[in-house]
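J.: Please find one structure pasted underneath; my questions will follow.
The values are calculated or read from the model by the stated rules, or taken from the named source; none is laboratory data. Note that the structure is a prediction, hence the values are computed from the model and not measured. Heads up, the Cβs are rebuilt from the backbone with ideal geometry, glycines too, and the neighbour counts pull from every protein chain shown. Keep in mind that these areas ignore ligands, DNA and RNA; they rest on the heavy atoms of the full protein, side chains included. Shrake-Rupley method; radii C 1.70, N 1.55, O 1.52, S 1.80 Å.
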Amino acid sequence: MNPMNSPNRLVQDGRLGILVALLIGLVHCATSRAADILVELDSPKVQAGEAVTIHLVGLNATSADTSRVFPAKIQATLIAGPAREEIIFNAVDSLPAAGVTIAPNSFVRIAYQAAVPSRLQGQTRLELAIENSPAFAIEITATASTAAATTAPGAGKFSVKEAMDRETTETSFFKRHIFPYEPFYFLAGPEAPSAKFQVSIKYRLVNTEVGDDGEAEGWLYRHAQWSEGLHLAYTQRSLWDIQAESAPFLDSSYMPELLYELPNLIDHEQGWLERIGAQIGYQHESNGKDGASSRSLNIAYVRMPFVFGDEDDFYVSLEPRAWFYVGDLSDNPDLDDYRGYVDLRLKAGWARGVQVAGWLRSGQEFDRGSAQIDLTYPLHNLLSRSFSVYLQAQYFNGYGESLLYYNQRSEVWRVGIGLFR
C-alpha cells in the first residue's frame, strides 16, 4: 500500500504543505472549534457489487495537539431514481477508543468502505448520515460478468427471476415504507391448542423520498424531519387447534396501533452502549368475538430499548415498557389484575446466529407473573444459504396466552419457523 494512502497517516509531505496550509486557514476562519471534519469521495465511479471508499478528514487549526474520535461506522443511503438502498460504511482500520491525535496545523484521513448492492446501476446519489455532509454523485457500472450476461447470445432465454419480478414505482414505494415489527412466526406443539402464529408489520406514514434535485418530495418531511418516526402498525396473534375436528381457531388477538419512534437518542459512538431508543403509542386489542366471549382493551404506552454491544454482531438488549389503560375494561373488568402495567423484554445473541429472547410480565399485585422464552437460529446457516427463515422454539408459562382466557394459567412449548425475530 502506498503510505500516502494509509488511513491514519499524518500527511507531512512538503509537496502538500501549501494545500494543508490553505485547508487549515479556511477551517480556522470558518470555525472556532479545535478540529473539524471534511468528507472526501475517492472515486465517482464504482462497479456494482464492489466497495466504494470515502475518507473523513480531521483538521486541527490550533497550535496544540488535539484528539478527534471518529465513528467506527457511518450510515448512508444510495438513491437511484425511485430505488433507495441503505448501506453502512465501516472504518478500514481499527480506531483507538480514545480518539486519533492530530498534530498542530495538520490533519489526518480515515478511510471507510461500503459494498455497493449489485442490483443498483447508473447515476446514483450518495447521502451520508453526517451533519452538514455534502451529497455525492456516483456512477455505478455493471460488472464484466453482468455486462457479458446481458449481451451474450441466449440472454433472452426464460428467466424465473424476471418472470416473478413485478417491480413498479408503486410497489417499490410501498416496500420502502413497510417494515417488520413484532416477531413473525408459525409454531406447533403437542398440546391443544397446538398451533400458534403471529404476524406483525408497521408502515411509515410520512413520505421521506428525495427527488432528483436532492430535496425531500414531501412538504411535511422537508419542514419536520422528525415526522418520519410516525407509523401505523398491525399485529395479529392466533391460537389454532389444528388437532380438533374441523381445526377451529380457539382465539385471536387483533392489535392495530399508532406509534411514534425515535430509534436512537444518543451519540452512536458510546463504547459498549450501542443505542437508546424511545417509542410511544396507542394500541387497541380485541378478539373479534361478541357476547360473553368478547374481550377488548386500549392502552397508551411508552417503550425504551437499551442495546449493548454491536447489533451487527453480538448484542444484548433490554426493553422496559409501561402503559395505562384507556377507557373501561367492561369486557374483562379484572384484566389489569393479570396483565398489570409493566413488562420487560430481553434479547441476547448474534445478529447472524443463535438468539435467546424473552419477556416477563407481572400482575397488578406481582402475584400473577407470566414469562415467554424464544430460541431462534437462522436456517440460512444450515442449508447452504437456501432459506431466509429461522428455526424457532418457544416456551410460555403464565396467564393470558390468549385474550379470551386471560385469567387462566397455562404452560406450553412449541417449535416451528420464524420470519422475523
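J.: Of the conditions (1) touching a Phe, Trp or Tyr at 6+ places or on another chain (Cβ under 8 Å); (2) at pLDDT below 95, Glu285 clears all except one; give me its number.
T.: (2)
J.: Still on this structure, please answer the following. Can you tell me which residue in segment 38-63 is farthest from Ser118 (Cα to Cα), limited to those that are β-branched (Val, Ile, Thr) and surrounded by fewer than 19 Cβ atoms within 10 Å (Cβ to Cβ)?
T.: Residues of segment 38-63 β-branched (Val, Ile, Thr): 39, 46, 52-54, 57, 62.
Applying the additional criterion that residues be surrounded by fewer than 19 Cβ atoms within 10 Å (Cβ to Cβ) yields 39, 53, 57, 62.
Values: Val39: 24, Thr53: 16, Val57: 28, Thr62: 44 Å.
Ranking the candidates gives Thr62 first.
J.: Here's another thing I want to ask about it. Got a number for residues in segment 64-78 being touching a Gly at 6+ places or on another chain (Cβ under 9 Å), β-branched (Val, Ile, Thr) and buried (at least 17 other Cβ atoms within 10 Å of the Cβ)? Let's see the steps before the verdict.
T.: Within segment 64-78, the subset touching a Gly at 6+ places or on another chain (Cβ under 9 Å) is 66-70.
Still in the list and also β-branched (Val, Ile, Thr): 66, 69.
Next, only the ones that are buried (at least 17 other Cβ atoms within 10 Å of the Cβ) stay: 66.
Selection size over segment 64-78: 1.
J.: Can you name the number of the only condition in (1) in contact with a strand residue (DSSP E or B) (Cβ under 8 Å, 6 or more places away or on another chain); (2) not in a strand (DSSP E or B) that Met255 fails?
T.: Of everything listed in (1) in contact with a strand residue (DSSP E or B) (Cβ under 8 Å, 6 or more places away or on another chain); (2) not in a strand (DSSP E or B), Met255 misses just condition (2).
J.: Name the single residue that is nearest to Pro333 (Cα to Cα) among those in segment 379-421 being of a type in the set (Lys, Arg) and buried (at least 16 other Cβ atoms within 10 Å of the Cβ). Talk me through it step by step, then tell me what you get.
T.: Of all residues in segment 379-421, those of a type in the set (Lys, Arg) come to 385, 409, 414, 421.
Checking the rest, the ones that are also buried (at least 16 other Cβ atoms within 10 Å of the Cβ) come to 414, 421.
On the way: Arg414: 30, Arg421: 32 Å.
Selected residue: Arg414.
J.: For segment 221-240, indicate whether the set of residues that are at pLDDT below 90 and assigned to a loop (DSSP other than H, G, I, E, B) is non-empty.
T.: no
The rows are residues; the columns are (1) modelled with pLDDT under 85; (2) touching a strand residue (DSSP E or B) at 6+ places or on another chain (Cβ under 9 Å).
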| site | (1), (2) |
| --- | --- |
| Ala148 | yes, no |
| Val160 | yes, no |
| Asp165 | yes, no |
| Ser172 | yes, yes |
| Tyr185 | no, yes |
| Ala195 | no, yes |
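J.: Hey, can you tell me all the residues within segment 106-122 that are open to solvent by 80 Å² or more (accessible area, probe 1.4 Å) and either at pLDDT 90 or above or among the aliphatic types (A, V, I, L, M) (or both)? Before you say what the answer is, go through the steps one by one.
T.: Pass one, segment 106-122, residues open to solvent by 80 Å² or more (accessible area, probe 1.4 Å): 113, 118-119, 121.
The one that is open to solvent by 80 Å² or more (accessible area, probe 1.4 Å) and either at pLDDT 90 or above or among the aliphatic types (A, V, I, L, M) (or both): Gln113.
J.: Give me a count of the residues in segment 327-372 that are of a type outside the set (D, E, K, R) and open to solvent by 50 Å² or more (accessible area, probe 1.4 Å).
T.: Of segment 327-372, the ones of a type outside the set (D, E, K, R) are 327, 329-330, 332-333, 335, 338, 340-342, 344, 346, 348-351, 353-360, 362-364, 366, 369-372.
So of that shortlist, the ones also open to solvent by 50 Å² or more (accessible area, probe 1.4 Å) come out as 327, 330, 333, 341-342, 344, 346, 350, 354, 356, 359-360, 364, 366.
The total comes to 14.
J.: Separate question: Does at least one position in segment 29-38 carry a residue that is part of a strand (DSSP E or B) and modelled with pLDDT of 90 or more?
T.: Initial filter on segment 29-38 (part of a strand (DSSP E or B)): 35-38.
Restricting the remaining residues to those that are modelled with pLDDT of 90 or more gives 38.
Scanning segment 29-38, I find at least one residue that is part of a strand (DSSP E or B) and modelled with pLDDT of 90 or more, so the answer is yes.
J.: Hey, another quick one. Go through segment 300-340 and count every residue that is hydroxyl-bearing (Ser, Thr, Tyr) and within 28 Å of Arg275 (Cβ to Cβ). Outline the logic, then answer.
T.: Restricting attention to segment 300-340, the residues satisfying the condition of being hydroxyl-bearing (Ser, Thr, Tyr) are 301, 315, 317, 325, 330, 338.
If we keep only those that are within 28 Å of Arg275 (Cβ to Cβ) as well, we get 301, 315, 317.
Total satisfying the criteria: 3.
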